[in-house]
Amino acid sequence: EAAELTVNVLCAVFYGAKEEYDPVSLMVNCAVECDSSISQMCTDDGQKIRSGCTLVSLIVRDRQLYWCYVGDSRADLTRSGEFVQFTLDHNYRTVIDEKLRTGELDMEEYEHELKRGEALISYIGIGNLGLIDYNSSPIELESGDRLIIMSDGLYRFLSDGEIHDCLEKYADAAEALRKLEELVQISAKERNASRDNMTVALIDIL
């Protein structure tokens, strides 16, 4: 319900925007509005649902890429054999990775805290959304670029290398998506692991 409401709000705001809109402001305002709406969702008897979802929104206009995200779903760019993630997971691991890098945590403390590493520190529905990431200056896209948006149901089962290899091997987007699904099924079976929701979208720049 949280994800469906987020999509509905995004579409309503986007298609209702004025012709000369600012992409960043539009997406950030959408995220805030979605968060407010979801944080107030209640059951029929008035109890707060306390649900939520992650969000990655992209606008490509005149080959310029604008993005906005909340949570740990990711957006990556493949170009000329390179595979670059331009989102940063909004989870506790990101926080402790930085603390380890700066010396605020030693390795023993880091490994202890890592048990909570996947806990989200920002998501749509958290209420009073404070952590939203976006790019102030657009990324210039080129012919042949491929953008992939994915939830953790994909990248927790496949490495960056496996995802990249699949995107490089299969030029047809539908075929690439089918192959990614097959690889995730195999990985989940090999690990004997339950799967999370998996959402993937590919955008090819011609």
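Here Leu77 does not fit the description of being open to solvent by 40 Å² or more (accessible area, probe 1.4 Å) and either in contact with a Gly (Cβ under 7 Å, 6 or more places away or on another chain) or among the aliphatic types (A, V, I, L, M) (or both). The residues of region 153-162 that are farther than 15 Å from Phe86 by Cα and either hydrophobic (A, V, I, L, M, F, W, C) or assigned to a helix (DSSP H, G or I) (or both), listed by number, are Gly153, Leu154, Phe157, Leu158, Gly161, Glu162.
Could you grab me the full set of residues in region 62-74 that are touching a residue at least 60 places away in the same chain (Cβ under 8 Å) and either in a strand (DSSP E or B) or open to solvent by 60 Å² or more (accessible area, probe 1.4 Å) (or both)? Listed by number, the residues that qualify are Arg63, Gln64, Leu65, Tyr66, Trp67, Cys68, Tyr69, Val70, Arg74.
Note on region 15-40: residues that are open to solvent by 80 Å² or more (accessible area, probe 1.4 Å) and either within 21 Å of Gly71 (Cβ to Cβ) or assigned to a helix (DSSP H, G or I) (or both) amount to 4.
Number of residues in region 1-13 that are open to solvent by 50 Å² or more (accessible area, probe 1.4 Å) and either β-branched (Val, Ile, Thr) or touching a residue at least 24 places away in the same chain (Cβ under 8 Å) (or both): the value is 4. The requirement of being open to solvent by 70 Å² or more (accessible area, probe 1.4 Å) and over 21 Å from Ser57 (Cα atoms) is satisfied by Arg178. Pairing each residue of region 47-58 that is of a type in the set (Lys, Arg) with any residue that is assigned to a loop (DSSP other than H, G, I, E, B) and crowded, with 23+ Cβ neighbours inside 10 Å, provided the two are 6+ apart or on different chains, yields C-beta distances under 9 Å for Arg50/Gly125.
Pairs are defined by a Cβ separation below 9 Å, a sequence spacing of at least 6 or placement on different chains, a first member in region 175-190 that is more than 11 Å from Phe157 (Cα to Cα), and a second member that is open to solvent by less than 90 Å² (accessible area, probe 1.4 Å) and of a type in the set (Gly, Ala, Ser); the pairs so defined are Leu177/Ala201.
Considering region 98-134, the residues that are touching a Gly at 6+ places or on another chain (Cβ under 7 Å) and in a strand (DSSP E or B) include one that is most open to solvent (accessible area, probe 1.4 Å), namely Leu120. Considering region 83-97, and only residues there that are surrounded by fewer than 17 Cβ atoms within 10 Å (Cβ to Cβ) and in a strand (DSSP E or B), the residue that is farthest from the chain's Cα centre (by Cα) turns out to be Val84.
The values are calculated or read from the model by the stated rules, or taken from the named source; none is laboratory data. The structure presented is a predicted model; accordingly, all values stated were derived computationally and were not measured. Positions of Cβ are generated from backbone atoms using ideal geometry, with glycine treated the same way; all protein chains shown enter the neighbour counts. Accessible surface areas use protein heavy atoms only, side chains included; no ligands, DNA or RNA. Shrake-Rupley method; radii C 1.70, N 1.55, O 1.52, S 1.80 Å.
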